[in-house]
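So the structure is just underneath, and the comments pick up after that.
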Amino acid sequence: MFESVLLAGFGGQGILSAGQLLAYAGTLAGKHVTWVPSYGAEMRGGTANCGVTISSRPISSPIVSEPEALMAMNRPSLEKFEQSVVSNGLIVVNSSLVNCKIARKDVQVMYISANKLAEELGNNKVAVNIVLGALIFLTQIVSLELAIESLGKVFPPRHQKLIALNQRALKAGAQFFDHLAKEKAG
């Protein structure tokens, strides 16, 4: 089971909120959860990442230094954290902003054009939740339903009107890989 995830991108992409959403969904699942944010001094436009651990056992350290999964929203984040992913881990890449392929052969790599899909939904700002939906589908770290339920808890009152759009984004990310799996099978 996947337990530790690192979400990384630049400030303003919603990385920390996506991590909170994942952590809250883990809490709703009755799991032990940690969420540790990290961001550059620049905030918007600077680097942002967070580690999330979701486990059925007590968590000894909240720091995610060797994630089982990485969600990379941009190239600098991929370059910074790619090597930290454990062997047999998973890297989900926003191929809208990352124009290179990963050379590692010991990890599973999945590419999703999140910004393009977000534009199709009508708002580029939901790209992070498209990738999060994909990550949830691929890892099964929490259920997509619990992540969708968590939106109402994580979004502040001024952003409650964006919940429906973000629900569609989470579903779009999951459906992207579900559709690919069904295509390959048949």
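The values are calculated or read from the model by the stated rules, or taken from the named source; none is laboratory data. Note that the structure is predicted; figures quoted are calculated from it, not measured. Because the Cβ atoms are built from the backbone with ideal geometry, glycine has one as well, and the counts that use them run over all protein chains shown.
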Just checking, how many residues over segment 109-129 are in contact (Cβ under 8 Å) with a residue 24 or more places away in the chain and either in a loop (DSSP other than H, G, I, E, B) or farther than 16 Å from Gly173 by Cβ (or both)?
2
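Given the options Val33, Val64, name the one that is crowded, with 24+ Cβ neighbours inside 10 Å and touching a strand residue (DSSP E or B) at 6+ places or on another chain (Cβ under 7 Å).
Values: Val33 fails: crowded, with 24+ Cβ neighbours inside 10 Å.
Of the residues listed, the single one that is crowded, with 24+ Cβ neighbours inside 10 Å and touching a strand residue (DSSP E or B) at 6+ places or on another chain (Cβ under 7 Å) is Val64.
From the list Ile91, Ile102, Ile63, exactly one residue is over 17 Å from Gly11 (Cα atoms) and either outside any loop (DSSP other than H, G, I, E, B) or of a type in the set (D, E, K, R) (or both). Which is it? Give the derivation first.
Numbers: Ile102 fails: either outside any loop (DSSP other than H, G, I, E, B) or of a type in the set (D, E, K, R) (or both); Ile63 fails: either outside any loop (DSSP other than H, G, I, E, B) or of a type in the set (D, E, K, R) (or both).
Unique residue meeting the criteria: Ile91.
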Which of the following residues is more than 14 Å from the chain's Cα centre (by Cα), closer than 22 Å to Asp178 by Cβ and crowded, with 16+ Cβ neighbours inside 10 Å: Val154, Val93, Val107?
Val107
Over segment 26-40, the set of residues farther than 15 Å from Thr53 by Cβ and part of a helix (DSSP H, G or I) is Leu28
Conditions (1) touching a Leu at 6+ places or on another chain (Cβ under 9 Å); (2) outside any loop (DSSP other than H, G, I, E, B); (3) in contact (Cβ under 8 Å) with a residue 40 or more places away in the chain -> Lys171 fails only (3)
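Could we say that Leu70 is crowded, with 22+ Cβ neighbours inside 10 Å and not in a strand (DSSP E or B) here? Explain how you work it out, then say what you get.
On the way: crowded, with 22+ Cβ neighbours inside 10 Å: yes; not in a strand (DSSP E or B): no.
Criteria not met by Leu70.
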So for segment 14-25 (the condition being within 16 Å of the chain's Cα centre (by Cα), at pLDDT below 95, buried (at least 16 other Cβ atoms within 10 Å of the Cβ) and outside any helix (DSSP H, G or I)), does at least one residue qualify?
yes
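Is it the case that Ser55 is closer than 25 Å to Leu144 by Cβ, touching a Ser or Thr at 6+ places or on another chain (Cβ under 6 Å) and at pLDDT 95 or above?
Details: closer than 25 Å to Leu144 by Cβ: yes; touching a Ser or Thr at 6+ places or on another chain (Cβ under 6 Å): no; at pLDDT 95 or above: yes.
When the stated conditions are applied, Ser55 does not pass them.
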Taking the stated definitions as given, is Gln140 modelled with pLDDT of 95 or more, more than 20 Å from Leu28 (Cα to Cα) and not aromatic (Phe, Trp, Tyr)?
no
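For Ile102, state whether it is of a type in the set (A, V, I, L, M, F, W, C) and either more than 21 Å from Gln140 (Cβ to Cβ) or touching a Gly at 6+ places or on another chain (Cβ under 7 Å) (or both). Lay out the reasoning, then the answer.
Values: of a type in the set (A, V, I, L, M, F, W, C): yes; either more than 21 Å from Gln140 (Cβ to Cβ) or touching a Gly at 6+ places or on another chain (Cβ under 7 Å) (or both): yes.
The answer is yes for Ile102.
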Residue under evaluation Glu120, criteria (1) under 21 Å from Ala25 (Cα atoms); (2) loosely packed, with under 14 Cβ neighbours inside 10 Å, criterion not met
(1)
State all residues of segment 62-110 that are at pLDDT 95 or above, of a type in the set (D, E, K, R) and in contact with a Ser or Thr (Cβ under 8 Å, 6 or more places away or on another chain); if no residue qualifies, say none.
Glu66, Glu68, Asp106
